[in-house]
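Worksheet for the structure shown next.
Please treat every number below as a calculation from the coordinates, not as lab data. No experiment lies behind these values; they were computed from the predicted model shown. Positions of Cβ are generated from backbone atoms using ideal geometry, with glycine treated the same way; all protein chains shown enter the neighbour counts.
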Amino acid sequence: MSNAGEAQAGILRPMFWAHVVTDDAGFSKSWTIVTRCKLYIQYEVKPFPKRVHFLDFFYDLDRIYSSIARGIRSRISGSDQNPTSTSETQTNIKDGKGPATSLFINEIERPTPTAAQALIRVKAFGLNRMDLLQREGKYPVPPQAPKTLGVEFSGIIEELASESESGFKKGDAVFGLAYGGAYAEYIVVSTHMLVHKPDELSFEECAGIPETWITALQAMYMVADYKPGQSILWHAGASNVSIAGIQLSKADSASKIFATTRSDEKNKFVVEKLGATAAFNSETQDWAGELLKATDGNGVDVIVDFMGAGFFASNLKAAAKDAHIVTLATLTGMKLPAETDIGAFLFKRVRMEGSTLRARDEKYQGKLRDQLVEHALPKFKDGTFKAYVEKVMDWEKIVEAHQLMESNKTKGKIIMTINW
Ligand SMILES: NC(=O)c1ccc[n+]([C@@H]2O[C@H](COP(=O)([O-])OP(=O)(O)OC[C@H]3O[C@@H](n4cnc5c(N)ncnc54)[C@H](OP(=O)(O)O)[C@@H]3O)[C@@H](O)[C@H]2O)c1
């Protein structure tokens, strides 16, 4: 990666060393600036107009830095979306994968919409846990996805291949789900995955809805075959998928809603704010035993699991007869200990099914988008559902945002905004 790659606005601030020689009156006679970014020294730094102190000098550099940074972001291309002669900026990963600090903003070709696609000027995009895995090179990215991270966004339609058929027009405020490419100023997506932004919700709130609410809908209805009156357990209860899932379960008459988290503070949030029946601390409690007590020994009908190996045996213990367990992630690992007892599968007639959203085709995702629009959106509008947002940040703070998600301290979406 070149120096240009290191000089990303807001990601790595360039370091300046300055040596200023002044005459007796304080006017600059000569000065030298050494930066860690060669590109910056190509820009004209105006001679000092009057007596300049060091602080002024740095202040001036900072202003110059801010104004030119947008224009000089490196020319490293990372997109395979249909290019045109126009350009945009997007978030890229130094060396293709790595820690949060390898994220930077650069300039790429702006994509153009093909038939049934729209070009959206992005106002906000949401972070998702899979972004961390993708950044580390550990996520099986679907072949149709652009390299740029990000699967959900809100913004304004800038261009549209065909207005009449899609129900959208230029200038519409929308939000939606994408296979990738949302960490950018522009994104092209199928109009089938777009939703009109309701006036009742902000761009920031809308940007954080698609991935997690659609995943929760998918887990509950398409995979677990949830029916009103059943009991349900959401692991990682304060994760964004579970924040959506608990609200959906409550609205659809779950008899009991349980959750686990690793923090008492999150459990309080899950019960008091989201309305779960009870939440257990998986670090300090025998959560499966507590759940059995809370269900008179019957167990829970539906379990939505992100934990994998570490929770496998406890999930079987907590499952009711004919329970459905949906596996959406393997946060605690993929390999079971050799002595794992799978007897309860048989005796409780448990059904366990894994699912992924991003790998699904547009038809499958489109059905879920329709469910979101028909069943969830009216409840967002009337205030039944809430889009919990933990933090809104300028997208140039993307490194900080990924680090915040990695801290596991959030109870809501991290949303990045693009100023325009
Ligand atoms: N299969 C799919 O289609 C699909 C789609 C979307 C998301 N997902 C997955 O669903 C999960 C939730 O996503 P999200 O975006 O809602 O996440 P999120 O808001 O970032 O929350 C994830 C939470 O999981 C808990 N956690 C993390 N590592 C853990 C570990 N090793 N052991 C136990 N708990 C751990 C943390 O809370 P506590 O520490 O408080 O418990 C963390 O805050 C992720 O694993 C994501 O990859 C799957």
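Put simply, when 287-297, 273-283, 208-218, 124-134 are sorted by average Cβ atoms within 10 angstrom per residue, most first, you get 208-218, 124-134, 273-283, 287-297. The string of couplings for segment 326-341 from the Karplus curve (6.51, -1.76, 1.60, θ = phi - 60°) is 10, 9, 10, 6, 10, 4, 9, x, 10, 9, 7, x, 4, 8, 4, 8 Hz, one whole number per residue in order, with x for Gly and Pro.
Annotation: lysines with alpha-carbon distance below 17 angstrom to K97 (same-chain offsets under eight excluded): K138, K147. Seen from all directions on average, segment 213-354 presents a Cα convex hull projection of 7.5 nm².
The trypsin sites (Lys or Arg not before Pro) found in segment 294-337 that occupy coil by DSSP, while having at most 13 further C-beta atoms within 10 Å, are K335.
For T332, the residues whose amide H sits under 5 Å from its own are G308, A309, G310, ignoring neighbours fewer than 5 places away on the same chain, with H placed 1.01 Å from N. Among the GluC sites (Glu not before Pro) in segment 126-208, those located in a DSSP loop and surrounded by at most 16 other Cβ atoms within 10 Å of their own Cβ are E136, E200.
Across every pair of non-identical alpha carbons in segment 352-420, the mean reciprocal distance, once inverted, gives a Kirkwood radius of 14.9 Å.
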